Amino acid sequence: IDDCYKTADGDYVCTHCFGRYYFTCDHCGEIYHIDYANGVCDFETVCDDCLAEHYTCCDHCGEYYRNEDMEEIDRECVCQDCYEEIKEAM
């Protein structure tokens, strides 16, 4: 057990399996199976729970960003890059 990783579910996985089938959520720091991995902004990988609670999909580019990094323009929720692009086009 000393050489194993403890997952968010309380299971233990060996180093070999961890490297192939598991990831550490960049938001909460817990270990999950790769089936629950979601790529978000800045090349981070987060679990389903963190994605639902702390991230929003940009209505313009379709990428996920942290909730606090989102802007609202023309009744759309957009990332800061898209916000600037839309403002310049107005």
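Within region 60-73, residues that are in contact (Cβ under 8 Å) with a residue 60 or more places away in the chain reach no partner that is small (Gly, Ala, Ser) and open to solvent by 80 Å² or more (accessible area, probe 1.4 Å) with beta carbons closer than 7 Å at six or more positions or on different chains. Taking first residues from region 35-48 that are closer than 19 Å to PHE18 by Cβ and assigned to a loop (DSSP other than H, G, I, E, B) and partners that are open to solvent by less than 50 Å² (accessible area, probe 1.4 Å) and not small (Gly, Ala, Ser), the Cβ contacts under 8 Å between residues at least 6 apart in sequence or on separate chains come to ALA37/PHE23; ALA37/THR45; ALA37/VAL46; ALA37/CYS47; CYS47/CYS25; CYS47/TYR32; CYS47/ASN38. Annotation: TYR36 fulfils all but one of (1) surrounded by 15 or more Cβ atoms within 10 Å (Cβ to Cβ); (2) within 27 Å of LYS87 (Cβ to Cβ); the unmet one is (2).
Reported count of residues in region 12-33, each being open to solvent by 60 Å² or more (accessible area, probe 1.4 Å) and either modelled with pLDDT under 95 or part of a helix (DSSP H, G or I) (or both), is 5. Give the residue that is farthest from GLN80 (Cα to Cα), with candidates limited to residues of region 42-66 that are hydrophobic (A, V, I, L, M, F, W, C) and buried (at least 17 other Cβ atoms within 10 Å of the Cβ). Applying the filter and picking the extreme gives CYS47.
The values are calculated or read from the model by the stated rules, or taken from the named source; none is laboratory data. Keep in mind the model is a prediction, meaning the values are calculated, not measured. FYI the Cβ positions are ideal-geometry reconstructions off the backbone, even for glycines, and counts take in every protein chain you see. Surface accessibility is based on the protein's heavy atoms, side chains included, excluding ligands, DNA and RNA. Shrake-Rupley method; radii C 1.70, N 1.55, O 1.52, S 1.80 Å.
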